[in-house]
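The values are calculated or read from the model by the stated rules, or taken from the named source; none is laboratory data. Just so it is clear, the structure is predicted and the values come from calculations on it, not from any experiment. As a convention, Cβ positions derive from the backbone with ideal geometry for all residues, glycine included, and neighbour counts pool all protein chains shown. Remember, those area values only see protein heavy atoms, side chains included, never the ligands or the DNA or RNA. Shrake-Rupley method; radii C 1.70, N 1.55, O 1.52, S 1.80 Å.
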Amino acid sequence: MPAVQQALPFDDLPEVPTASPWCQRWRERTHSWRHVSEGGFDARHYEVEPISEKDAEAFVRTHHYSASYPAAVRRFGLYEVSAGERRLSGVAVFGVPVNQAVLTRALPDLAPVTEALECSRFVLLDECPGNSESWFLARCHTELLAAGVRGVVSFADPVPRRTASGRLIMPGHCGRIYQATNGIYAGRATARTLKVLPDGTVLNSGVRAGSPTLLGGGEPAFQQVDRTVRACHPMV
């Protein structure tokens, strides 16, 4: 019997406001907020360094709402060092978008991948005080500049994302950290429809097309997704 789309327990997905004094944080794909009035950020207690692919992927898959990891070129970790030990508290990933036109349209004078990258993942744990993210992002930009990167394209997703049961996975964000680090607003991206699985993760368009790329476990991606979709009711 073919799967049938079930009625969802909500009917509105408003965009997040573009002005707010709250800073978004994550832990195991669950969001929380730190208010800027809390203060408490002290740059002497943090360090930013390049991080290995293995450590970056593990952190992002565990804590970022997407539970996925992109094609990365540069990766940086935010380490808290105030307690006498180095503790990974955040990760920023800069890489290659699915379509290189994302880079060439916004930054036509820069060579994609070498001089221009996409900020594809940026996640801080709930223990990080307000304003940690703008400091972290600025340090990442300094490291990228030293490596020859001259431009970064970033996106914000203001539309909340939920599971099939209605649990809020991601309340939306509007890229305030990019504003705080002197980013230039280039307008909205082309509207598109995301295929969201029951757990709130997005079914990648390449996988839907039958990409042979391995997701894990040694099986082609389209085989894994086909088995998953047959066993549940995907959201569209």
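Quick check on region 43-64. Is at least one of its residues exposed (fewer than 15 other Cβ atoms within 10 Å of the Cβ), in contact (Cβ under 8 Å) with a residue 40 or more places away in the chain and touching a helix residue (DSSP H, G or I) at 6+ places or on another chain (Cβ under 9 Å)?
Yes, region 43-64 contains at least one residue that is exposed (fewer than 15 other Cβ atoms within 10 Å of the Cβ), in contact (Cβ under 8 Å) with a residue 40 or more places away in the chain and touching a helix residue (DSSP H, G or I) at 6+ places or on another chain (Cβ under 9 Å).
Among residues belonging to region 65-103 that are without any contact (Cβ under 8 Å) to a residue 12 or more places away in the chain and either open to solvent by less than 60 Å² (accessible area, probe 1.4 Å) or not in a strand (DSSP E or B) (or both), point out the one that is farthest from Ala189 (Cα to Cα).
For region 65-103, the residue satisfying everything is Gly84.
In region 170-195, which residues are farther than 27 Å from Asn131 by Cα and either of a type outside the set (D, E, K, R) or open to solvent by less than 50 Å² (accessible area, probe 1.4 Å) (or both)?
If the condition is that a residue be farther than 27 Å from Asn131 by Cα and either of a type outside the set (D, E, K, R) or open to solvent by less than 50 Å² (accessible area, probe 1.4 Å) (or both), then Thr190, Ala191, Thr193, Leu194 are the ones that fit.
State which residue is farthest from Tyr79 (Cα to Cα) when the search covers only region 15-36 and only residues that are open to solvent by 80 Å² or more (accessible area, probe 1.4 Å) and at pLDDT below 75.
Glu15
With the condition being closer than 21 Å to His63 by Cα and under 18 Å from the mean Cα position of the chain (by Cα), I'd like the strands (runs of 3 or more DSSP E) fully within region 114-197 carrying at least 2 qualifying residues.
Correct list: 116-124, 168-170.
I'm checking my understanding of the structure. Among residues of region 104-113 that are assigned to a loop (DSSP other than H, G, I, E, B) and touching a strand residue (DSSP E or B) at 6+ places or on another chain (Cβ under 7 Å), which one is farthest from Arg27 (Cα to Cα)?
Only one residue tops the list, namely Leu110.
Of all the residues that make up region 40-64, how many are modelled with pLDDT under 95 and part of a loop (DSSP other than H, G, I, E, B)?
Counting residues in region 40-64 that are modelled with pLDDT under 95 and part of a loop (DSSP other than H, G, I, E, B) gives 4.
Scan region 127-161 for residues that are among the charged types (D, E, K, R), out of contact with any Cys (no Cβ under 8 Å at 6 or more places or on another chain) and modelled with pLDDT under 90 and jot them down.
Glu127, Asp157, Arg161
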